[in-house]
Amino acid sequence: MMRWLLLLLAACGDDGHVNMQIDARPIPDAAPAGDAQPDTLSQLPYRHAIALDGVDDFATGERFATTSTSFAARVTWDDQNLYIGYSGPDLATSTTDAATKWLFVYLDTKAGGEMQSRLYNTQRATFPTGFAADYYVRYKCDGTFTTLERNDAGTWNTATPTPQKAQADTLLELAIPLSAIGAGTQLGIVTWMINEKNLGEGSYAGLYAGNFTDGYAANLALTAYLQADFTSPRTPNDPANQRP
């Protein structure tokens, strides 16, 4: 239905009298609710840069529960880096067995890779359906050792550059350059922690609370991974990003 705007116009004539006239102008109806213009900002690909300073500035949409209630994971990205955060008692460099405890971040760039993780003492993991690792980052919990590893035809070799890190109290932050791993628009991510100590081996703190049961496993079966879509506006912990 067309609506009209009535304008009352006044003008002074040559005889000094005020002349009045009405100008009627059509007003288009408002667009139906379903035809509203999209919020273009909300449709931009998700990006969030993290300062590596030992202060937790990850957003709510970047936080994940893990298989261990006292540990939490964080994941986000911008155009340059994948950012990983972990918190929990074993991220303190003074934790018991710090020299034999590790955080692993395995990555699938969708260019082929391994169906199992590297062996540590007697422990390794089998990756979920749809995930094949071609890179991983390892961080030793005493803070002395961090590397980026690349899979070359079944052999893991140290690659460059070394990921940047910041550790403070029970919080660890990592920045992994996307260019160093040849990341495209999709990146699979699995994370967990281990203790490789003889007679004290165990796996725990895996990304997604139901991923596996904490404890010793010679072949740990991972059941879920995070699929980062760098073209999507979804927050990292959006349920649509959990695979398979």
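None of the figures in this text is laboratory data; all of them are computed from the coordinates on show. From a predicted model like this one, the values you see are computed outputs, not experimental measurements. Heads up, the Cβs are rebuilt from the backbone with ideal geometry, glycines too, and the neighbour counts pull from every protein chain shown.
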**Prompt:** Which lysines have a Cα lying under 16 Å from the Cα of Lys165, excluding residues fewer than 8 positions away in the same chain?
**Reply:** Lys140
**Item:** Hydrodynamic radius of the range 179-244 per Kirkwood, over alpha carbon pairs, in Å
**Value:** 13.6
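Roughly speaking, what % of Cα-Cα pairs in the range 46-243 are separated by over 20 Å, rounded to a whole number?
Considering the range 46-243, 51 percent of its Cα-Cα pairs are separated by more than 20 Å.
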**Fill in**
If Val55, Val75 are placed from fewest to most neighbouring beta carbons inside 10 Å, the sequence is Val55, Val75
**Message:** Above 17 Å lies some portion of the pair distances; for the range 60-131, what is it as a whole percent of all C-alpha pairs?
**Reply:** 61
